[in-house]
Every structure is written in structure tokens, then in C-alpha cells.
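**Student:** Just passing along the structure, written as C-alpha cells.
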Amino acid sequence: MYGTVCGFIILFLLLNLTNTYASQMLVSDVWDGFIHLAISLIIPIVFAVISAKLINKVMVRITNTNGRLIEEIEAGKYDREILSQRDKARMLKLLKKEA
């Protein structure tokens, strides 16, 4: 959740910043149009997504969310929600990979 909110804030700030810069650019041909699009839209989105993923990874490490969830799944707390042992094994594998 932290990463998503921070990612949107970063995206908003970068879009405002690049919009100010891009509004001063002159587009005279198609190549300039692609550069204008990349600077004003694509680069901020990519940077915001990478930042959000990094923040999520750091917050999961700090809060040990996956570790607690792994313990609860192994203790059988979510057996009613998990349909099969195969799904349970896959969940545990993915959670341990991120933890």
C-alpha cells in the first residue's frame, strides 16, 4: 500500500515537472513528437513504477509482513480459503521468495 501511494505521488510530481519542461519544447517533426511523448509521459510512468516496487520491497522487509503470513499459512489459519495443497505450496514458495 505504501509503495502504491508513494508511486502515485511520485508520478504526479514527475508529470507536473515534465509537463512544464515539455510545454517549452517545439515539435517540428515526428521524431520530436516521440521524444516529447517519452519525456512527458513514458519516463515518469516507468520511474514511478520502479519506485513503487522498490518501496514495496523495502516495506515488506522492514515490516516482515510475508514472514508473518508464511507462519499463519503453515499453522493452518487459512486452510478454508486455500482450495488445494498445491495452491498452498505455490503461495508459500512465492512468499518465501519475496521474504
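The values are calculated or read from the model by the stated rules, or taken from the named source; none is laboratory data. These figures come from a predicted structure and were not determined experimentally. When we count neighbours, we look across all protein chains shown, and the Cβ atoms used for this are built from the backbone with ideal geometry, even at glycine. Quick note on the areas: whole protein, heavy atoms, side chains included, nothing else; ligands and nucleic acids left out. Shrake-Rupley method; radii C 1.70, N 1.55, O 1.52, S 1.80 Å.
**Student:** Mind telling me which of Ile50, Ile73, Ile39 comes out most flexible in a GNM of the chain, alpha-carbon contacts under 10 Å?
**Tutor:** Top of the fluctuation ranking is Ile73.
**Student:** List the aspartates and glutamates whose Cα sits under 15 Å from the Cα of Lys57, skipping any in the same chain fewer than 8 residues away.
**Tutor:** By straight Cα distance, Lys57 reaches Glu98.
**Student:** Using a/c under 1.5 as the rounded threshold, could you call segment 38-79 rounded, prolate or oblate? The axes a ≥ b ≥ c are square roots of the C-alpha gyration tensor eigenvalues, and prolate needs a/b larger than b/c, oblate otherwise.
**Tutor:** Prolate.
**Student:** In the chain, with Lys and Arg counted as +1 and Asp and Glu as -1 at Cβ, which of these residues, Ile9, Thr63, Ile43, has the Cα nearest the positive end of the dipole, that is, farthest along it?
**Tutor:** Ranked along the dipole, the leading option is Thr63.
**Student:** Could you order peptides 26-33, 51-58, 14-21 by the average number of other Cβ atoms within 10 Å of their residues, highest first?
**Tutor:** With the highest mean Cβ count within 10 Å placed first, the list reads 51-58, 14-21, 26-33.
**Student:** For the chain, which DSSP H helices look membrane-span-like by this rule: Cα extent along the axis of 18 Å or more and mean Kyte-Doolittle of at least -1.0?
**Tutor:** Span-like helices here: 2-22, 43-63.
**Student:** Also, quick follow-up: Given a Förster radius of 41 Å and the C-beta distance between Thr4 and Ser84 as r, what FRET efficiency does 1/(1 + (r/R0)^6) yield to the nearest 0.05?
**Tutor:** Between Thr4 and Ser84 the formula returns 0.85.
**Student:** Sequence gap at least 6, Cα distance under 8 Å: using those rules, report the relative contact order of segment 1-50 to the nearest whole percent.
**Tutor:** Answer for segment 1-50 is 50 percent.
**Student:** What percentages, rounded to whole numbers, describe P(r) for the chain computed over all alpha carbon pairs with 10 Å bin width beginning at zero?
**Tutor:** Reading the bins upward from 0: 15, 28, 21, 16, 13, 6, 0.
**Student:** Round to a whole number: what % of the accessible area of the chain belongs to carbon and sulfur, probe 1.4 Å?
**Tutor:** Taking all protein chains in place, the chain shows 67 percent carbon and sulfur surface.
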